[in-house]
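Everything below concerns the one structure shown next.
The values are calculated or read from the model by the stated rules, or taken from the named source; none is laboratory data. All figures in this text were calculated on a predicted structure; none of them were measured in a lab. Every residue, glycine as well, gets a Cβ built from its backbone with ideal geometry; the counts of neighbours run over all protein chains shown.
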Amino acid sequence: MLEKAGVVPGLKKLKRSLVSVRARNSLVELNVADVSRVIEMAWEDRTPFEAIEHQFNLDESAVICLMRAELKKGSFKTWRKRMSARTTKHAAKNAQRSAGESHDTISYAHGATVLV
């Protein structure tokens with residue numbers, strides 16, 4: 001199956017230019033490119049929710065709501081099943097799991113640092 005570059009599989013076609021997401025006690029507005037990037041980062045195994053929160057000001061529950069709203073039902077269920085089994089999606093859990101081991105770090109352009 002051929003996929004277009006920059007197209008996230010399972011993504012509903014966005015019909016609006018801005019998406020509003022409630023994060024904690026504030027409302028965050030994201031454009032289509034930002035929504036696509038958040039979804040891409042959420043699918044990545046090694047990108048923790050903390051990196052998404054740092055860049056887009058969306059906590060884990062807001063990312064879950066965004067994914068539920070923007071993905072097709074089957075894609076969302078697949079993502080949730082996959083993410084619930086990953087400790088790498090939480091930087092704190094990942095750090096606890098690897099305590100005492102020496103690791104390198106990866107710094108992202110948006111300022112987040114991840115242990116590898």
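Data for the structure
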read-out: Search result, residues across the stretch 62-73 that are surrounded by 13 or more Cβ atoms within 10 Å (Cβ to Cβ) and part of a helix (DSSP H, G or I); value: Ala62, Val63, Ile64, Cys65, Leu66, Met67, Arg68, Glu70
read-out: Search result, residues across the stretch 29-49 that are part of a loop (DSSP other than H, G, I, E, B) and touching an Asp or Glu at 6+ places or on another chain (Cβ under 7 Å); value: none
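A quick yes/no check of all residues on (1) modelled with pLDDT of 60 or more; (2) surrounded by 10 or more Cβ atoms within 10 Å (Cβ to Cβ); (3) in contact with a Gly (Cβ under 6 Å, 6 or more places away or on another chain):
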| residue | (1), (2), (3) |
| --- | --- |
| Lys12 | yes, yes, no |
| Arg37 | yes, yes, no |
| Met41 | yes, yes, no |
| Asn57 | yes, yes, no |
| His90 | yes, yes, no |
| Ser98 | no, yes, no |
| Ala109 | yes, no, no |
